[in-house]
Structures are given as structure tokens and as C-alpha cells.
Amino acid sequence: DLCAQEPAHFDIKVRYTLSTAIALIVEHMVSIKTDISPKYLRDNERIKTMLQFILDNYGEEIDTAAIARSASVSESECLRCFRATIGTTPIRYLREYRIEQAAYRLTGSQASISDIAASCGFQDVSYFTKTFRELKGVTPKAYQQEERR
């Protein structure tokens, strides 16, 4: 209303109103943060550790046990953490991350599809192609040609 009517010193009044709103939001966020359970915080730290492990090692052979070990948890706890926090399994997340990295490399590299597949952790090119098609809707070669146009 102040902006629409533009009374005297409306800009100062608008800034004051916005500052008050921001202060209320910040106060509310502080109260939300204090309500977070220790279990949620623990799971959050574990998932960060496991995701960082995947990001650092996705080109290597990784299984659920290795992901779990990275955060010093059991495999079942690793699975529970992923499902509760991200809504998927660690292996599905790894596979999707590998495909995203491969897609990026397909458009920005002159490397062969088999080299890109291997560098993203796929030892079998046919499995890579099948997985890529499932997630991207096209083969790696078609994706590469589309993106280079």
C-alpha cells in the first residue's frame, strides 16, 4: 500500500516494514532450529559424509558397504539414512550421479563413450548405455550428438 500511494517518506516506511518482516522470519527460523532432534542432526551429518564419499569416489567400484564404512555405520543404517533423508537407496543415488557426470562429460569432452563410461564407474558399456537410456531417454551417442548441435 505504501508503494502504491507513495506518501511522504514512503521509502523509509517500506524499508522499516520489510526489516520488521525479516526480523520476524529470522526469529521464527531460530525457534525452528532449536526444535531439530539430535537424531535428525546425526542423520544429516552421516548423509553429508556418505554423499561426499560418493562424489569423491564415483569413478571407482563402490558398493553399499563402502558407502556405509565412509560414515562408520552399518549397511542397514546407511540404507535407512538414505531412504529417510533423500528418499532413495545409496546405489540408486550413485547410479544417477554417475549418469549425470557422464552426461556432462559427453557434452564437454572429445573422449569416447567407453572411456567416459569407465571414468564414471561403469565397467560394462552395454550396462552404461542401458542405464543412460533409462534415465535420459536417449542413448549416450544420441545425447552427445543432440547436445553438440
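The values are calculated or read from the model by the stated rules, or taken from the named source; none is laboratory data. The structure displayed is predicted, hence computed values, not measured ones. Backbone-built Cβ (ideal geometry, glycine too); neighbour counts: all protein chains shown. These area figures cover heavy atoms from the full protein model, side chains too; ligands, DNA and RNA do not enter into them. Shrake-Rupley method; radii C 1.70, N 1.55, O 1.52, S 1.80 Å.
Taking every DSSP helix (H) stretch of at least 4 residues in the chain, weighting each as -39,500 (n - 2.57) and dividing the sum by the residue count yields a mean residue ellipticity at 222 nm of -24000 deg cm²/dmol. Compared with the alpha-carbon gap, the fully stretched path from D11 to D124 is longer by 34.3 nm at 0.36 nm per residue. Just one of (i) 139; (ii) 196; (iii) 108 is volume of the Cα convex hull per residue in Å³ calculated from these coordinates, so which is it? Comparing each candidate, only (ii) matches the computed number. Placing unit charges on each Cβ (+1 for Lys and Arg, -1 for Asp and Glu) gives the chain a dipole about its Cα centre, and among A142, S119, T88 the Cα reaching farthest toward its positive end belongs to A142.
On a per residue basis, the chain carries 66 Å² of accessible surface, using protein heavy atoms and a 1.4 Å probe. Among the helices of the chain, those built from whole DSSP H runs whose Cα atoms reach 30 Å or more along their own axis and whose mean Kyte-Doolittle hydropathy is at least 0.0 are 10-34.
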